[in-house]
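Scroll down for the structure; my scribbles are underneath it.
The values are calculated or read from the model by the stated rules, or taken from the named source; none is laboratory data. What you see is a predicted model; the values in this text were computed from it and never measured. We place every Cβ from the backbone using ideal geometry, glycine too, and count neighbours over all the protein chains shown.
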Amino acid sequence: MTHAADFPALSELLTGESSLDQALADAYRERLHRAYPADLDRLIDAWRTAATQPDPGQALAAALDADTALARVAKETIMVWFTAQFKRPDETQDPPGTPEQYRAGLVWQVIRAHPLSAAPTGGYGYWAYQP
């Protein structure tokens with residue numbers, strides 16, 4: 001498999017979310033790869049190794065504990081999925097690539113809210129119903 005094909009599965013392990021959007025995965029992988037080319041590839045390789053273990057999460061956690069560069073790119077991978085943005089190695093912010101990426105941030109599902117500055121879905125009175 002290619003790194004592009006493995007990124008969604010790695011992301012599912014890191015975020016705890018299943019069935020992540022493939023188009024978003026491709027976009028996020030490209031953005032992260034521009035900022036962390038070698039480290040993202042190494043993280044995906046570490047995931048491949050961990051995936052062969054009885055407890056992939058524990059195996060990946062051990063690899064991250066042993067390598068701060070891998071831990072950093074894992075953290076930024078989680079951040080991009082939840083907020084559509086992440087910090088580059090120089091600590092500058094890589095903002096959401098598109099409004100759609102911002103609206104697709106997992107944080108909105110977690111906090112059961114709609115994206116700030118975005119029109120809620122469901123029309124007038126949507127707030128009266130359970131999410």
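Name the single residue that is surrounded by the most Cβ atoms within 10 Å (Cβ to Cβ) among those in segment 88-113 being of a type outside the set (A, V, I, L, M, F, W, C) and not in a loop (DSSP other than H, G, I, E, B). Steps first, answer last, please.
Restricting attention to segment 88-113, the residues satisfying the condition of being of a type outside the set (A, V, I, L, M, F, W, C) are 88-103, 105, 109, 112.
In the following step, the residues that additionally are not in a loop (DSSP other than H, G, I, E, B) were identified as 93-94, 99-103, 109.
Details: Q93: 9, D94: 17, P99: 12, E100: 13, Q101: 21, Y102: 18, R103: 16, Q109: 12.
The residue in question is Q101.
Which of the numbered conditions does K75 fail, given that it passes all the others? Conditions: (1) crowded, with 17+ Cβ neighbours inside 10 Å; (2) part of a helix (DSSP H, G or I).
Here K75 clears every test but (1).
Does E91 meet the test of being at positive phi and at pLDDT 90 or above? Lay out the reasoning, then the answer.
Details: at positive phi: yes; at pLDDT 90 or above: yes.
It is true that E91 is at positive phi and at pLDDT 90 or above.
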